[in-house]
Each structure stands twice: as C-alpha cells, then as structure tokens.
Amino acid sequence: MKNKLKISIITSVFNGEDYIAQTIKSVLEQTYHDFEYIIIDGNSTDDTISIVRSFEEQFNSKKINYKWVSESDTGIYNAWNKALKVISGDWVVFIGADDYFINNKVLNNMIPFLLEAQSYKINYVYGQINHVSKSEKFIEMSGKPWHLQKERFCYSMNIGHSGAFHSKNLFKEHGMFNETFKITGDYEFLLREFKDPNKDALFVNKPCLVMREGGVSANLQNRLKVVKESQKARALNNINSFSKELFFWEFRVRVILVMQSVLGDSFASKMADAYRVLLGKQKRWSKL
C-alpha cells in the first residue's frame, strides 16, 4: 500500500464572485501538495471566471494541477459528474463555492486517516464542519462519530458531505451522481454504499471545513424539497421502512411554511429558530 495519496478536490460554482476567492485560497494554501483542483462553472454571468482565472499562475508555480471549465450545466450533480470524468486522485473531496478548508493543514492532517481507511477498506472519511453565517459569525459545529450515526443513516442524511473524502472505489462500485436530484443527490449516492450494514465510514474528530449558511439546501423554501428528495433517495435504494426523522421534518417544515404564508418570512424564521433553541442549538434562520 502506498503512503503517498493523490487527492482530487472539486468545486461547482455559478455566480459565486462573493466567496469563490476564499474557497480557492483555502485549497491553494494547503501544505500537502499532491492534489488536483477542478472547478466546474455553470457559465457564470458575474466576475466568477475572472477570479478563477486569476489563480492559475499561483497553482502553476506550486506545480499543482488546476483545471477549470465554464459552460452551462443542469445543476450541481451534473457539474460534479463532469469533474469525476477527468479526476486522477485516490480520494475525492467536494467543497462548496462559499465554503473553505478550516486551515492550511487539512489535507496533510487527513492523510493518516485516509491510509487507515484504506487498510480497513473504508470508502468514506468525514470530519466536523463549522457552520457560519454569511458574515462568518459562528453558528454551530456538526459532525458525530459514525457508530452514533450508522443505524439511522438509512432514515435521513446525518453525516457531513461537503469537505468529506470519498475513495475512488466508491465511484467504481456505484457509478456517478443521479442528476435528477437537485439537492440531496449526495445522500442518494451514499445510500448505495451504506444501505449495506457491513459498510462503514471513518469519522475524524476535528473540524475540517467551514460552511457558510445560505446554500440551496439551507433555504427555508427548499426544506420541503430536501425531505421529498430524501424520500425519493430511499425509495430508489429499496429502503421502504418508515422514517420518523423525515416524517417529523416534513411536519415541521409544513407548519413553518404555513406560518410564512400567513405571518411573513420574519415570523416564520423566528419560529424555526425557536425550535432550534429548544434543542439547545444556535439560531440559524433569523439572524444570519
């Protein structure tokens, strides 16, 4: 087993001029250099591409393979699949266009865990995620050990995906992402692996990524779609058991949407945050 691993990092972006530079810098500044970085742009109409292009010389000076393409796509999973067709890494990381690695040693620190995972034939390694507001105010940290999540994973997505490390074997065994999904295609893809009770993930008890709230799956209007797509993902993988997680999630979302239609966005956001506070969590919706 080789000790030198190559990592492929993939970012899809559309009109991401506000934060894409921070994302790229967090990749460029990694102390571990045996990686490639692929950016798939969905034909942005803002300044995204000029920002992406401005980093070419810096990547070249470090002899890091830096690829990007800008063309129309049908969504994030179509973009990811384009990138997967050209990668050469042993492990694959997807990082959002408004997210960034928490420090410059993330890749270096993850290598021992990736080697451990390979020795046990584990195909998925994930760490903790720091969730922040658009102004980078800390909201919460997510990420729990796999042994606490494994039993309920087939009922709802309960582990982090952005910034996680996927073995190339996952894609050899299960193909690519299902492009009919718009939000939860990552969950459907991972169900192909983890519906098998003999399959495990490896949890790394340290923050690896900073995720800025405000993405498509975080929008209150899209939460119902997240539930519906999660149900679809389970059905496609022949998982027909009742999911209390999705049932109560859908119930809460529908109540909030009714409040939103009657009392307005502000009140609905406050009610959504009130529920989070009852669970001992930080506010997410009303003060970002």
Point to revise | Label point distance in nm, residue 86-residue 232, each placed 7 Å from Cα along Cα→Cβ | key: 2.8 nm
Study note, to complete from the structure: For region 1-74, dividing by residue count, accessible area per residue (probe 1.4 Å) in Å² works out to 49 Å²
Review point. Per-residue HN-Hα couplings for region 39-46, Karplus 6.51 cos²θ - 1.76 cosθ + 1.60 at θ = phi - 60°, whole Hz, x for Gly and Pro?
Key: 10, 10, 9, x, 6, 4, 10, 9
Review point. For 4, 121, 150, what's the largest-to-smallest order of accessible area, 1.4 Å probe?
Key: 121, 4, 150
Check your understanding: Which entry in (i) 139; (ii) 164; (iii) 131 matches volume of the Cα convex hull per residue in Å³ derived from the coordinates of this structure?
Key -> (iii)
Check your understanding: How far is helix 244-263 tilted off the main Cα axis of the chain, in degrees rounded to 10, range 0 to 90?
Key -> 70 degrees
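Can you pull the percent of the chain's accessible area that's carbon plus sulfur, 1.4 Å probe, other chains left in place? The partial results should precede the final answer.
Numbers: 7220 of 13880 Å².
That fraction is 52 percent.
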**Study point:** Distant-in-sequence amide H partners of residue 140 (H built 1.01 Å from N, under 5 Å)
**Key:** 131
Review point. Taking the highest mean first, how do the peptides 222-233, 67-78, 51-62 order by number of other beta carbon atoms within 10 angstrom per residue?
Key: 222-233, 67-78, 51-62
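The values are calculated or read from the model by the stated rules, or taken from the named source; none is laboratory data. Bear in mind the structure is a predicted one, so any value in this text is a computation, not a measurement. Neighbour counts are summed over all protein chains in view; Cβ atoms, including those assigned to glycine, are modelled from backbone coordinates with ideal geometry. Accessible surface areas use protein heavy atoms only, side chains included; no ligands, DNA or RNA. Shrake-Rupley method; radii C 1.70, N 1.55, O 1.52, S 1.80 Å.
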